[in-house]
1. Would you point out the residue of the stretch 194-232, among those that are of a type in the set (Ser, Thr, Tyr) and closer than 22 Å to residue 258 by Cβ, that is surrounded by the most Cβ atoms within 10 Å (Cβ to Cβ)?
2. Of everything in the stretch 199-210, what is within 34 Å of the chain's Cα centre (by Cα) and in a helix (DSSP H, G or I)? Give them in sequence order.
3. Only one of these conditions is not met by residue 298: (1) of a type outside the set (S, T, N, Q); (2) out of contact with any Pro (no Cβ under 9 Å at 6 or more places or on another chain); (3) buried (at least 17 other Cβ atoms within 10 Å of the Cβ); (4) within 28 Å of residue 357 (Cα to Cα). Which number is it?
4. With a cut-off of at least 2 residues that are crowded, with 17+ Cβ neighbours inside 10 Å, of a type in the set (Gly, Ala, Ser) and in contact with a Gly (Cβ under 9 Å, 6 or more places away or on another chain), name the helices (runs of 4 or more DSSP H) lying wholly within the stretch 305-357.
5. Could you check residue 135 against (1) out of contact with any Asp or Glu (no Cβ under 7 Å at 6 or more places or on another chain); (2) buried (at least 22 other Cβ atoms within 10 Å of the Cβ) and say which number it fails?
6. Given the criterion part of a helix (DSSP H, G or I), in contact (Cβ under 8 Å) with a residue 12 or more places away in the chain and surrounded by 16 or more Cβ atoms within 10 Å (Cβ to Cβ), identify the matching residue among 396, 366.
7. Looking only at residues that are over 36 Å from the mean Cα position of the chain (by Cα) and β-branched (Val, Ile, Thr) in the stretch 160-194, which one is farthest from residue 207 (Cα to Cα)?
8. Which residues, taken from the stretch 104-123, are more than 38 Å from the chain's Cα centre (by Cα) and surrounded by fewer than 22 Cβ atoms within 10 Å (Cβ to Cβ)?
Amino acid sequence: MRDKIAILFLFIILIVSCTVKQIKEGEGRPVPSKDAYYLYAIGYNAEREGRWEDALEYYHEALKIDPSSPYLKIQISYMLLRTGKVTEAITAAEEIVKTETDYVPALMLLGELYNSQKRPEEAIKVYERVLEIEPDKQEAALFLSVLYASQQDYDKAIELLERLVRKTPDNYMAMYFLGSAHINKGEIEKASEYFQKALDQKPGFDAAYINLGLISEMKEDLKKAEEYYRKAVDINPHNIQARERLAQIYIKMKTKDKAIEQFEKMSTQIPANTDIHRILGVLYFEDRQYDRAIEEFRIVLEAKPGNVPARYYLAISLEEIGRNEEAISELRKIILQEPKNISAFIHLGYLYSKLKREDDAIAIYEEILSFEKDKPEVYLYLGISYLYKKDYEKAEAVFKDALSRFKDNDELNFNLAIVFEKTNRFDEMVLYLKKTIEINPKHADALNYLGYSYADKGINLEEARALINKALELKPDSGYIIDSLGWVYFKMGHYDEAMKVLQRAAEIVKDDPVLYEHIGDVYSSRGLKERAKEFWEKALKLHEKEEGLKERVERKIKELGHGEVEKK
């Protein structure tokens with residue numbers, strides 16, 4: 001080990017000697033003493049080992065022996081930067097430049113420091129000074145061109161870079177920056193040309209492929225963009241930007257499995273990046289991989305408990321796999337964090353209704369109305385909750401209150417019509433169904449409801465058929481609307497047509513007691529009593545789904561002459 005250190009010291013001394021010799025010969029500066037060399041060498045070794053505070057101390061000691069050495073001063077400035085003393089580093093570099101006005105290494109460092117502190121105008125002046133001293137200094141020209149571009153002075157950046165390319169045609173970074181300047185000017189064909197030239201000089205230049213991919217996206221050529229991003233990823237599998245762009249292309253191309261694959265790899269490469277976990281969670285959610293989505297959202301929330309969108313997605317994912325109580329808990333956490341988060345409140349109310357906890361749902365919707373009265377959907381959900389409870393009086397009050405604020409809301413008018421139907425006020429029901437259709441002529445449910453109501457009463461049957469057929473145009477696969485059409489045919493006495501239509505409805509809806517009742521009614525009208533009884537008994541097994549059905553169907557069975565219906 002001692003031999004290695006000795007060799008290292010000799011190597012460092014040789015380098016410093018050459019540097020100082022150049023300074024002396026070129027600018028008449030004195031040669032530092034051997035003691036200064038020795039302290040510098042120890043400091044340099046400490047720097048290489050990452051002991052920057054120690055290195056700084058040795059460089060200061062060396063400077064005391066050789067106070068005129070600009071090289072030592074610049075090393076001190078670098079160490080101040082590395083130890084986080086940026087202001088002191090800038091001051092030290094500025095002091096060097098005051099006395100050593102043409103010392104390029106100090107100017108280059110000062111330009112870097114100004115740029116890091118978002119002082120572009122001062123950085124520009126420094127790099128311009130460097131190019132006055134050394135017109136062929138490629139690094140200064142590149143840095144300066146980037147600074148010009150950052151100030152949106154693209155023409156100046158392009159002029160500087162083109163001059164650099166003429167002097168050094170193999171400078172692929174100059175080609176790359178020229179492409180970047182042209183892309184910022186919107187000159188994408190010119191930009192493509194320079195990025196391709198950069199690749200001609202350096203075929204494995206992944207950044208050039210990324211920019212060619214971006215240009216392809218601008219042209220909406222997703223397949224070409226995918227090709228370029230894929231090349232960038234193949235060259236550098238750790239290029240997160242290329243992999244993320246590739247993933248976004250897959251999302252646009254609706255190939256979620258490939259997008260997920262890319263985000264999974266990014267997640268492995270930078271596991272602490274919560275944005276990647278969040279996006280991956282959303283992709284899993286959209287792909288219905290809810291268990292995996294939950295894992296990703298929990299990772300996000302562990303790092304960022306206040307991330308409301310992630311918690312909302314977590315709640316919905318939990319709901320999707322039937323973990324409703326956990327979903328409720330997560331929604332409650334959102335509301336604690338954001339007491340007026342309407343989305344969380346509404347979804348919580350929906351979940352309560354889904355679990356048949358109507359009182360809890362009602363409490364949620366009423367809480368929303370305590371601070372937000374301008375959203376008609378809140379009144380709608382509150383009124384529907386009262387409908388589910390069969391509290392028609394309160395449901396009517398809610399809908400009427402809402403309609404005093406939002407008179408042209410089709411859903412509010414429609415649901416008030418349902419209240420009137422439930423409370424046997426036929427004329428008022430018809431009035432509000434017609435108003436719903438007037439507001440929204442494509443309201444399929446209102447068209448069907450009105451047509452079925454006419455048919456059920458045996459009135460306006462031609463109009464009823466027209467209304468239901470219009471509803472079917474809007475929802476051609478709705479078993480309930482097909483059932484309504486069958487019921488119209490039955491009321492019109494077209495029993496064969498009615499049976500065909502009702503059987504088609506039964507192929508779509510397999511658990512509707514009213515539909516089975518209707519089929520039984522058709523069989524009964526055709527004198528097929530056993531078949532009628534069979535379907536009426538199917539209806540009775542599902543009677544809880546339809547208020548009043550049990551008594552009505554039992555009466556029909558008794559009228560067949562079969563006596564007491566068998567208890568199921």
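The values are calculated or read from the model by the stated rules, or taken from the named source; none is laboratory data. Quantities reported herein were computed from a predicted structural model and do not represent experimental measurements. Quick reminder, even Gly has a Cβ in these numbers, built from the backbone with ideal geometry, and neighbours come from all protein chains shown.
1. Applying the first criterion (of a type in the set (Ser, Thr, Tyr)) to the stretch 194-232 yields 194, 209, 216, 228-229.
Retained after the next criterion (residues that are closer than 22 Å to residue 258 by Cβ): 209, 216, 228-229.
On the way: 209: 26, 216: 21, 228: 26, 229: 30.
Result: 229.
2. Matches in the stretch 199-210: 199, 206, 207, 208, 209, 210.
3. (3)
4. Answer list for the stretch 305-357: 308-320.
5. Looking at each condition in turn, residue 135 falls short on (2).
6. Result: 396 is the single residue among 396, 366 that is part of a helix (DSSP H, G or I), in contact (Cβ under 8 Å) with a residue 12 or more places away in the chain and surrounded by 16 or more Cβ atoms within 10 Å (Cβ to Cβ).
7. So the residue we want is 168.
8. 104, 105, 108, 122
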